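First up is the structure itself, then whatever we jot down about it.
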Amino acid sequence: MSVAPPDNDVLWARSLVKSHHGTPALRGVSLNVREGEVLAVAGPRGCGKSTLLDVLSGMLPADEGEIWFNSSPVHTLGRTARERLRRERFGYVGPEPQLVPELNARENVALPMLLAGTSRKIAATSAAEWLERLDVADCAKRRPAELLQDQRQRIAVARALAAQPAVVFADEPTAPLHRESQDQVMRILLTASRSHKITLILATHDASVARYANRVAVMADGRLATPVDARDAVALSELEEDAPTCSTSV
């Protein structure tokens with residue numbers, strides 16, 4: 001029998017199971033995230049972090065388990081309803097900036113807002129503001145092929161934040177960035193989370209990135225440990241040796 005989550009949890013999941021072609025990716029994962037909280041799902045590559053974010057965001061349906069967003073069930077929604085939920089309430093940043101090649105930077109940032117019914121004027125204004133915050137305002141009229149990897153990723157972050165979603169799912173969002181850029185982008189994500197009460201669920205294998213979170217839940221082999229305060233060095237120590245080197249923008 002389903003039990004509704006606590007009212008103060010913006011996202012709540014219980015006993016999530018997901019397999020890819022018969023290979024288990026999630027093995028009974030449960031978690032809760034509060035409004036405006038930054039939760040880091042930490043662990044090595046291939047442990048199931050990306051699958052968890054895809055299932056929580058409705059990109060993939062779970063094989064078993066429940067997901068609730070603002071006390072409404074997500075796991076019972078059909079594909080069309082999940083797509084609408086992602087478009088209207090969720091933002092997403094992946095490890096590679098998935099921008100529309102035919103659109104310039106400002107159009108890419110404005111696109112999710114336009115699809116959700118926002119007027120062109122408001123969408124364009126919001127897009128310009130977020131490009132400015134991410135230090136890529138000078139890229140507004142340039143297409144992705146003309147930009148560096150670092151610039152494209154910043155534009156992808158701007159796109160995720162511009163519509164002021166309730167939840168942003170960020171899967172290794174700083175992976176393509178140099179360390180200095182990583183710190184700047186994470187600070188912007190945190191500032192947006194606090195000022196706009198955006199809940200941020202962050203998947204990372206980098207301990208220095210995970211420490212930006214309020215809580216950290218370490219994942220291994222498709223299982224998620226109970227989240228702990230991010231200041232708890234013990235919870236993050238196992239990631240230290242696997243910290244990635246800085247990527248070079250191309």
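Restricting to the range 207-227, count the residues that are in contact with a helix residue (DSSP H, G or I) (Cβ under 7 Å, 6 or more places away or on another chain), buried (at least 20 other Cβ atoms within 10 Å of the Cβ) and assigned to a loop (DSSP other than H, G, I, E, B).
Residues flagged as in contact with a helix residue (DSSP H, G or I) (Cβ under 7 Å, 6 or more places away or on another chain), buried (at least 20 other Cβ atoms within 10 Å of the Cβ) and assigned to a loop (DSSP other than H, G, I, E, B) within the range 207-227 amount to 1.
Find the residue count for the range 169-186, including only residues that are touching a residue at least 24 places away in the same chain (Cβ under 8 Å) and surrounded by fewer than 21 Cβ atoms within 10 Å (Cβ to Cβ).
Filtering the range 169-186 down to residues touching a residue at least 24 places away in the same chain (Cβ under 8 Å) leaves 169-179, 181-182, 184-186.
So of that shortlist, the ones also surrounded by fewer than 21 Cβ atoms within 10 Å (Cβ to Cβ) come out as 175, 178-179, 181, 184.
Matching residues across the range 169-186 total 5.
Restricting attention to the range 131-150, which residues are modelled with pLDDT of 95 or more and not in a loop (DSSP other than H, G, I, E, B)?
131, 132, 137, 138, 139, 144, 145, 146
Of everything in the range 51-67, what is of a type outside the set (A, V, I, L, M) and in a helix (DSSP H, G or I)? Give them in sequence order.
Answer for the range 51-67, where residues must be of a type outside the set (A, V, I, L, M) and in a helix (DSSP H, G or I): 51, 54.
Could you list, in sequence order, the residues of the range 68-90 that are touching a Gly at 6+ places or on another chain (Cβ under 8 Å) and either outside any helix (DSSP H, G or I) or at pLDDT 95 or above (or both)?
Start the filter on the range 68-90 by keeping residues that are touching a Gly at 6+ places or on another chain (Cβ under 8 Å), which leaves 74-75, 77, 82-83, 85-86, 90.
Residues satisfying the conditions are 74, 75, 77, 90.
Only one of (1) within 24 Å of residue 144 (Cα to Cα); (2) out of contact with any Pro (no Cβ under 9 Å at 6 or more places or on another chain) is not met by residue 96, so which one is it?
Every listed condition holds for residue 96 apart from (2).
If I ask for residues that are surrounded by 12 or more Cβ atoms within 10 Å (Cβ to Cβ), farther than 21 Å from residue 90 by Cα and of a type in the set (A, V, I, L, M), which ones from the range 112-146 would you list? Even if it seems obvious, please write down each step before you answer.
Let us first name the residues in the range 112-146 that are surrounded by 12 or more Cβ atoms within 10 Å (Cβ to Cβ), namely 112-116, 118, 122-137, 139-140, 142-144, 146.
After this cut, where a residue has to be farther than 21 Å from residue 90 by Cα as well, the list is 132, 135-137, 139-140, 142-144, 146.
The answer is 136, 137, 140.
Just to check your reading of the model, which residue among 26, 60, 53, 16 is aliphatic (A, V, I, L, M) and surrounded by fewer than 21 Cβ atoms within 10 Å (Cβ to Cβ)?
On the way: 26 fails: surrounded by fewer than 21 Cβ atoms within 10 Å (Cβ to Cβ); 53 fails: surrounded by fewer than 21 Cβ atoms within 10 Å (Cβ to Cβ); 16 fails: surrounded by fewer than 21 Cβ atoms within 10 Å (Cβ to Cβ).
Being aliphatic (A, V, I, L, M) and surrounded by fewer than 21 Cβ atoms within 10 Å (Cβ to Cβ) holds for just one of 26, 60, 53, 16, which is 60.
Suppose the filter is within 19 Å of residue 31 (Cβ to Cβ), in contact (Cβ under 8 Å) with a residue 40 or more places away in the chain and in contact with a Lys or Arg (Cβ under 7 Å, 6 or more places away or on another chain); does residue 166 pass it?
yes
Of all residues being exposed (fewer than 14 other Cβ atoms within 10 Å of the Cβ) and modelled with pLDDT of 75 or more in the range 228-244, which is nearest to residue 209 (Cα to Cα)? Just the residue, please.
231
Restricting attention to the range 64-84, and to residues there that are over 24 Å from residue 192 (Cα atoms), in contact with a helix residue (DSSP H, G or I) (Cβ under 9 Å, 6 or more places away or on another chain) and in contact (Cβ under 8 Å) with a residue 24 or more places away in the chain, which single residue is surrounded by the fewest Cβ atoms within 10 Å (Cβ to Cβ)?
65
Taking the condition in a helix (DSSP H, G or I), closer than 21 Å to residue 173 by Cα and touching a residue at least 40 places away in the same chain (Cβ under 8 Å), does residue 99 pass?
No, not satisfied.
The values are calculated or read from the model by the stated rules, or taken from the named source; none is laboratory data. Being a predicted model, the structure only gives us computed values, none of them experimental. Ideal geometry is used to build each Cβ from the backbone, glycine not excepted, and the neighbour counts take in all protein chains shown.
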